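Only one structure is covered here, and it is reproduced in the block below.
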Amino acid sequence: MINLKKVQILPAREQVASILRSSILTGGIAQGQSITLDSVCEQVGMSRTPVREAFHILASEGLLELRQNRCAIVKGVSQESVRDHYEMRVLLETEAMRRACENMNDKILEAIKKVHNRGKRAELEGDIETYNLANQTFHMTIWEAANSEKLKSFLSLLWNGLSLGRFVTAHEYATISSAEHDKMVEQLTKKDYEGACVTMREHIVRSMNSMLSNFKDN
């Protein structure tokens, strides 16, 4: 039995990991930079426990090198590591959509439409923070509908928020992302499930290409 009432935002440790992962992948936190538990706690408004857990998540991904005294050093990221990250997301997000389509019913579709409309309003109002949360919830609603705790867990660990590249502003990115969500919702409404899976795949590939634009050409 699928219970969409359980859909929530990411757990605290994964929220922090997502914020840090996005900053590292976009170069907002530079290679070799030192970050501390206390400084991150202050900036994200969370206690040490989820921040410490987030440090360990990112260390396991090779993005941080843990040091003593509640400190970590940012390791370098390459185009290859970014591509690998998104290729895993492509596989898992497409599979989540496929499984969600297999389970699709009026209740699931209504839940997806509801969160999409919330994000669309935020995008039109230029409220990027609210759009970011709605974007996360849109994807998590699909993960939940896939009815696989393992799949949802893997996707949660890969989440990095809006994939901002150097050629688009946050608002432009939200507009593009919202339009792609529009297309998925339309396809799901029309029961074009194969098309919805293709659009989800293209959605993540486009995010990957946006993130890769942060790397200067050799």
- Message: Within 12 Å, Cβ to Cβ, of PRO50, how many net charges do the neighbouring residues add up to if Lys/Arg are +1 and Asp/Glu are -1?
- Response: +1
- Item | Sorted by Cβ density within 10 Å, fewest first, the residues THR94, THR130 | THR130, THR94
- Message: To test your reading of the geometry: what angle, between 0 and 90 degrees and rounded to tens, separates the Cα axis of helix 149-158 from the longest principal axis of the chain?
- Response: 50 degrees
- Task: Could you work out how far helix 170-189 tilts from the main Cα principal axis of the chain, as a 0 to 90 degree angle to the nearest 10?
- Result: 30 degrees
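What is the ratio of the Cα radius of gyration of the chain to 2.2 N^0.38 Å, where N is its residue count, to two decimals?
Rg over 2.2 N^0.38 Å, computed on Cα atoms: 1.02.
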- Task: Subtract the Cα-Cα distance of MET104 and VAL168 from 0.36 nm times their separation in residues, and report this length gain in nm to one decimal.
- Result: 19.6 nm
- Where a ≥ b ≥ c are the square roots of the eigenvalues of the C-alpha gyration tensor, would you call region 133-193 rounded, which needs a/c under 1.5, or, failing that, prolate if a/b is larger than b/c, or oblate? oblate
- Query: According to the square roots a ≥ b ≥ c of the eigenvalues of the Cα gyration tensor, what is the shape class of region 83-140, taking rounded for a/c under 1.5, prolate for a/b larger than b/c otherwise, and oblate for the remainder?
  - Reply: oblate
- Item | C-alpha long axis of helix 12-26 to longest principal axis of the chain, angle in ° | 80 degrees
- Go through LYS150/LYS183; LYS75/LYS150; LYS152/LYS183; LYS75/LYS152 and tell me which ones have a Cα-Cα distance over 25 Å in this structure. LYS150/LYS183; LYS75/LYS150; LYS75/LYS152
- Message: Between ASN147, ASN105, ASN69, where does the largest GNM mean-square fluctuation fall for the chain, given springs only between Cα atoms within less than 10 Å?
- Response: ASN69
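Read-outs: derived from the displayed coordinates by stated rules, not from any lab. These figures come from a predicted structure and were not determined experimentally. Glycine gets a Cβ as well: all are built from the backbone with ideal geometry, and neighbour counts include every protein chain shown.
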